[in-house]
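Quick notes on the structure that follows.
The values are calculated or read from the model by the stated rules, or taken from the named source; none is laboratory data. From a predicted model like this one, the values you see are computed outputs, not experimental measurements. When we count neighbours, we look across all protein chains shown, and the Cβ atoms used for this are built from the backbone with ideal geometry, even at glycine.
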Amino acid sequence: MTVNGICPPRAKLHWPVSLLLASLLVPGQRLFALEVDCQACGFCRARPDIQDELTQRIKRHIAEGKSVEEIATIEGGRSILRPPIERRANRHPGAVRPNPERLKYRGSHLPNNSLFTSIEPCVRVNNVCIGTDKLGHMFQQGWEYYRISVIDKKGDRVAERYGEWLEGKESRDAYAADERYFRQQFSGSLLGYGVFGRTLSGIISNADLEANKAGLRMYKDIQNGRFRSIGDYVTSHLCEEVNLNDYTARMKAVVEENGRK
């Protein structure tokens, strides 16, 4: 379901085909399986905190009279690709790239070379080192949660289950009762079960899911005139070194071989 043009019409293609077309139609954009390693980024030590910059940006949108839907479009984008707020954070002078020799995923199938890397940089927000992908989750998937919970009136738990389905937190059978509805959502219609985690990278990020929920709370606060600071939504639960990942057996073996969790 589309709301005020925030999402483009849903494709009827299977997800690998739709992702391939997206990569051809949007040059320079990277697809999913974008991961993060805060420890390899040195936990953003000595890096500036960008909380105030992000807060002022959102407050400027609000002062200009932009609706919650318009803010979701500006910061979360109109596609399944990396959203604008994440791309800006990647280019920020305070962003830090991970040391490849310290990556927990080295030796895995995830690409990390001069042509393409699936490992995102980290930034400091509210004195917490997070991957820039967490900002993307807040503004992009958080908006999908808002549509489900508030606009469709399904409630927060159904929205959270949708995110878990995209991540592949439980087996697919566990979502059978809701899968038809999930496939009517934007990311769900294009991607399907587990593509944000289990079936593509093998990394099921609990921190991603926390970022999605944080985005839902943020959008509710914006809608109700209660937004104060982006720092109200960024806690250590958005850091994957605190809120540890789950893995498929293959990826778990790689991470443990590298002495990490």
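Tabulated data for the structure shown
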| quantity | calculated |
| --- | --- |
| Scope segment 50-69; condition hydroxyl-bearing (Ser, Thr, Tyr) and outside any helix (DSSP H, G or I); matching residues | SER67 |
| Hits in segment 164-223 - residues which are touching an Asp or Glu at 6+ places or on another chain (Cβ under 9 Å), among the aromatic types (Phe, Trp, Tyr) and free of Cβ contacts under 8 Å to residues at least 40 places away in the same chain | TRP165, TYR175, TYR181, TYR193 |
| Count of segment 93-111 residues which are buried (at least 17 other Cβ atoms within 10 Å of the Cβ) and not aromatic (Phe, Trp, Tyr) | 9 |
| Failed item, numbered, when ARG226 is tested on (1) outside any loop (DSSP other than H, G, I, E, B); (2) free of Cβ contacts under 8 Å to residues at least 60 places away in the same chain; (3) of a type in the set (Lys, Arg) | (1) |
| Any hit, segment 120-129, residues being crowded, with 21+ Cβ neighbours inside 10 Å, among the basic types (Lys, Arg) and touching a residue at least 60 places away in the same chain (Cβ under 8 Å) | yes |
| Selection status of THR73, surrounded by 15 or more Cβ atoms within 10 Å (Cβ to Cβ), in contact with a helix residue (DSSP H, G or I) (Cβ under 8 Å, 6 or more places away or on another chain) and within 23 Å of LEU238 (Cα to Cα) | no |
| Hits in segment 190-223 (condition: in a loop (DSSP other than H, G, I, E, B), β-branched (Val, Ile, Thr) and under 21 Å from CYS38 (Cβ atoms)) | none |
| Residue within segment 136-153 that is more than 23 Å from SER229 (Cβ to Cβ), at pLDDT 95 or above and assigned to a loop (DSSP other than H, G, I, E, B) present | yes |
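Conditions tested, residue by residue: (1) among the charged types (D, E, K, R); (2) buried (at least 21 other Cβ atoms within 10 Å of the Cβ); (3) within 19 Å of GLN140 (Cα to Cα).
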{"residue": "LYS220", "(1), (2), (3)": "yes, no, yes"}
{"residue": "PHE227", "(1), (2), (3)": "no, yes, yes"}
{"residue": "GLY231", "(1), (2), (3)": "no, no, yes"}
{"residue": "LEU238", "(1), (2), (3)": "no, yes, yes"}
{"residue": "ASP246", "(1), (2), (3)": "yes, no, no"}
{"residue": "ARG250", "(1), (2), (3)": "yes, no, no"}
{"residue": "ALA253", "(1), (2), (3)": "no, no, no"}
{"residue": "ASN258", "(1), (2), (3)": "no, no, no"}
